[in-house]
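What follows is one structure encoded as C-alpha cells, with my remarks underneath.
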C-alpha cells in the first residue's frame, strides 16, 4: 500500500461527506472524522466544504448519502471519512477503516451484512482511491474487493491529547459517578460478539477463582447497536458475578470526558477483540498511562508490536495469567505504562491529517 504521495502546490477544493456529524454516539470511525476533518481545513493549499444531512429521523441518512448528497456536488471531489459513500458518484475518495463484515458476517444482523456485502465492494472498486488505517485492513480490502495495491493507501490513526495520565487521581469524579470502590480492570468498546468480551469475563472469573486475584473489579464501557448480531452479555455478566461474588460493572455508552478519566484511573486495560481494522482504544489507554493487554489478532499485533502484551484470542486462561502477573507486579505496570506513553508518540492526528491531505491532493 502507498504510504507517501507527492505533494502538489495548487489549491485543491474538495467536498466532505459530513454524515458523521449527525451521529450522537462517537465510535472509532466517527472519532477519526472529528479529528481529521478540522485539521484538513487548516492546510493552506486544501479547501474543504463539509456537507451535512438535515433530514430527520437519522434513518434517512442513507437516502441523503446515496441520493441528495451526490446531486449537490457539481462535480467536486468527495472525501468520505466513515466507510460509506454515494455509489452513483464517480469522484469519491473513501476511507474504509475495515471490511470486517465481509470477513465475519456472522457478527452482524442479516439486513446489515447483506447491504454491506452488496455496497462496500462496489464502492471500493468505483472509488478514485481508498484510504485505510492499517496494513491488515489494506490487505483485506484488496483481497475481498479485488482492487489493486496502487489504489489503496495506509495512513495510521492518531490519538487525542484528551487521553492523559494526568487524569489519574483518587479524587477523579468517575469514582463516585460510577460507584467504583476498588481498583479495576477496564474494557471500552462496542458490545458485540466480535469484541470477544466473553473471553474477558471468563479470564476475570478464572483469575479470581484459580489464581487468587482479589480486590479488583471489572468495568465494561460500551453499548450495543442494531447492526450487530445479538449477544446475551447481561446474562454472561450475571453468571460471572455469581461465580466470583465480586463487582462487575456494565456502564453502557460513556462520553469522552468520563471515558478519558476511566482509562487513566484503570489498573489495566484489556481489549480481547477477534478482529480490528485498527484498535483505537488500545492507543487511548496507552496515552492515559494505563498498561494494555490485547488479543493477538488482526491489526492489534501490528499496532501494539509487543508480544508480551498479546494473548491468544480465545485462550481465557492465558489472558488470566497475563492479567494476574501484571496486576501483581508494580515493576511491570510501570514498565508497560512508560513504554505505552513512548509508543504512542508515533501516532498523531496531525500526522494523519497531513498524510491524508497529500493523498487528497494527489488523487483529486
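Mean-square fluctuation check for the chain, GNM, Cα pairs under 10 Å: which of 285, 203, 71 is largest?
71
Based on C-alpha coordinates, I'd like the Rg and Dmax of the stretch 97-252, in Å.
Considering the stretch 97-252 through its Cα atoms, Rg and Dmax are 19.9, 56 Å.
Just to be sure I follow: if Rg is taken over the C-alpha atoms of the stretch 121-190 and Rh is the Kirkwood radius over the same atoms, what is Rg/Rh?
Expressed as Rg/Rh, it is 1.27.
Taking springs between alpha-carbon atoms closer than 10 angstrom, which of 322, 214, 195 fluctuates most in the Gaussian network model of the chain?
214
By count of other Cβ within 10 Å, fewest leading, how are 153, 172 ordered?
Ranked by crowding around the Cβ, least crowded first: 172, 153.
Which FRET efficiency value, to the nearest 0.05, is calculated for residue 10 and residue 346 with the Förster distance at 30 angstrom and r the Cβ-Cβ distance? Write down the numbers at each step before the final one.
On the way: r = 31 Å, r/R0 = 1.02.
Efficiency, from the Cβ-Cβ distance: 0.45.
Using only Cα atoms and rounding to the nearest 10 degrees, what angle (0 to 90) does helix 233-244 make with the longest principal axis of the chain?
Taking the Cα atoms of the chain, the angle to 233-244 is about 20 degrees.
Remind me, relative contact order of the chain in percent, using alpha carbon pairs under 8 angstrom and six or more residues apart?
RCO, the chain: 20 percent.
Roughly how tilted is helix 135-145, in degrees to the nearest 10 and between 0 and 90, from the longest Cα axis of the chain?
60 degrees
Return, for the Cα atoms of the chain, the radius of gyration and Dmax in Å, separated by a comma.
Considering the chain through its Cα atoms, Rg and Dmax are 20.9, 65 Å.
If the chain between residue 243 and residue 122 were fully stretched, how many nm would it gain, using 0.36 nm times the residue separation less the Cα-Cα distance?
The residue 243-residue 122 span can extend by a further 38.8 nm.
By how many degrees, between 0 and 90 and to the nearest 10, does the Cα long axis of helix 330-343 differ from the longest principal axis of the chain?
10 degrees
Using Cβ contacts closer than 10 Å as the measure, can you line up 161, 198, 284, 308 from fewest to most? Before the final figure, lay out the partial values.
Working: 161 10, 198 18, 284 25, 308 14.
Least to most surrounded, the residues fall as 161, 308, 198, 284.
In a Gaussian network model over the chain where Cα atoms closer than 10 Å are linked, find which of 279, 158, 255 has the largest mean-square fluctuation.
So, out of 279, 158, 255, the one fluctuating most is 255.
How compact is the stretch 174-308 by the rule of thumb for globular proteins, expressed as Cα Rg over 2.2 N^0.38 Å? Intermediate values should be presented prior to the final figure.
Details: Rg = 14.1 Å, N = 135, 2.2 N^0.38 = 14.2 Å.
Dividing the Cα radius of gyration by 2.2 N^0.38 Å gives 1.00.
Need one number: nm distance between label points at residue 250 and residue 227, each 7 Å from Cα along Cα→Cβ, rounded to one decimal.
Modelled inter-label distance: 2.2 nm.
Every number here is computed from the coordinates shown, using simple stated rules; none is lab data. Worth saying up front: this structure is predicted, and the values here are computed from it rather than measured. Don't worry about glycine lacking a Cβ; one is built from the backbone with ideal geometry, like all the others, and counts go over all protein chains shown.
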